[in-house]
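I have placed the structure first, in the form of structure tokens, so that the comments after it can refer back to it.
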Amino acid sequence: MAFFQVKDVYKNFGANRVLKGIDLYLDEGQVLAIIGSSGSGKTTLLRCINFLEIPDKADIYLGGENIFSVDNLDKVNEALQNADDSQKQVPTADIAKEDGDAQLTNSKESGVDMIKSPQKQKKSKPVKISKEKKKQIAEQRLKFGMVFQSFNLFPHYSVQKNLTLAARLKYDKTLKPFYKYFSKSVKIARKQAFKEIDERAVALLQRVGLGDKLKAYPCELSGGQQQRVAIARALILQPKILCFDEPTSALDPELTREVLKVIKDLKNDGHTMIVVTHEMEFARKVADKVVFMADGVIEEQGSPEEVFTNPQSPKTKAFLQESEKSIDED
């Protein structure tokens, strides 16, 4: 079995069906690039993979273990159907008194006046998740490091604190049940653990070329430097998989090269990564596998050579042609 695999992923937002049965896999140490037009479902898929969004249906495997399984799709579809039914037209006499401003329409099927009332419309509600499932999701989320396009650094914290905050909170959470009974031992262990976290932060900053920025604040850094701090922050929890959501979209070409170099170096170090990107050259030259998405489904997947040199899907061909046209115009 592949190191990482997702099966049959569905996700709806209200009546908008965003993911429609996604299957993909990735071997350990590989880089997967997800490409596609805006609105194709790329970011939603990435957020479902690392549990920032909870899919309506999915099976997710990591290291041969099923780390997450859910099938609420029938319930969600039923809720959507109920919402659709509640918005259908009903006879005027039933609701005209409740909504004097509603507009009358004519139903050819019944031959009677009908009325649609906003007050009668209902929205589908998300399926509830049990506390146990939420706890499971929180634990599994720590196996994925996430790097966003907007950096998401705390402006009032130094680079060091931005890097170490999550790791410290995670450690404190694990020690909390023991603090009441072993307070002295816990304090000693906590001090040592925090020292190791600080040392790891220094090493990671050096790794991304920012060893001299430990005490700096985000406002003192360029966009590329902030993104490299965000990458180091994702690494400090030692995730199994690193996920990137358009990590260079807010950067100019020079800063983009800085960040992409860091990602290339991480690949050379053996990190498994999933990268949603609009950088076609990155997908072509760095990724081991490329997935092209359109309208919530995977239209094409394969090696960069297969997808870029010999695409089989007409949608893939059209997207790549448009991408090349945009590069030429720039």
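The values are calculated or read from the model by the stated rules, or taken from the named source; none is laboratory data. The model shown is predicted, which means the values in this text are computed figures rather than measured ones. Quick reminder, even Gly has a Cβ in these numbers, built from the backbone with ideal geometry, and neighbours come from all protein chains shown.
Structure summary
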read-out: Residues of the stretch 291-312 satisfying the condition of being under 22 Å from Leu242 (Cα atoms) and either over 17 Å from the mean Cα position of the chain (by Cα) or of a type in the set (Ser, Thr, Tyr) (or both); value: Gln301, Gly302, Ser303, Pro304
read-out: Residue check, Ser185 surrounded by 15 or more Cβ atoms within 10 Å (Cβ to Cβ) and among the hydroxyl-bearing types (Ser, Thr, Tyr); value: no
read-out: Residues of the stretch 198-239 satisfying the condition of being within 25 Å of the chain's Cα centre (by Cα), basic (Lys, Arg) and surrounded by fewer than 18 Cβ atoms within 10 Å (Cβ to Cβ); value: Arg207
read-out: Residue in the stretch 287-303 that is in a helix (DSSP H, G or I) and not assigned by TED's automatic domain parsing to the domain that holds Ala167 present; value: no
read-out: Hey, Cys243 under 22 Å from Glu281 (Cβ atoms) and either in contact (Cβ under 8 Å) with a residue 24 or more places away in the chain or surrounded by fewer than 16 Cβ atoms within 10 Å (Cβ to Cβ) (or both) or not; value: yes
read-out: Condition check for Ala232: of a type outside the set (Ser, Thr, Tyr), under 28 Å from Ala193 (Cα atoms) and either in a helix (DSSP H, G or I) or modelled with pLDDT under 95 (or both); value: yes
read-out: Enumerated strands (runs of 3 or more DSSP E) restricted to the stretch 1-85, each holding at least 1 residues that are free of Cβ contacts under 8 Å to residues at least 60 places away in the same chain and closer than 26 Å to Glu132 by Cβ; value: 4-13, 57-62, 65-71
read-out: Single residue of the stretch 249-281 satisfying the filter (touching a residue at least 60 places away in the same chain (Cβ under 8 Å) and farther than 27 Å from Gly63 by Cα) that is surrounded by the most Cβ atoms within 10 Å (Cβ to Cβ); value: Met280
read-out: Test: residue in the stretch 243-255 that is among the acidic types (Asp, Glu), touching a strand residue (DSSP E or B) at 6+ places or on another chain (Cβ under 8 Å) and part of a loop (DSSP other than H, G, I, E, B); value: yes
read-out: Pairs with Cβ under 8 Å, 6+ apart, first in the stretch 187-214 and without any contact (Cβ under 8 Å) to a residue 12 or more places away in the chain, second surrounded by fewer than 17 Cβ atoms within 10 Å (Cβ to Cβ); value: Gly211/Val202
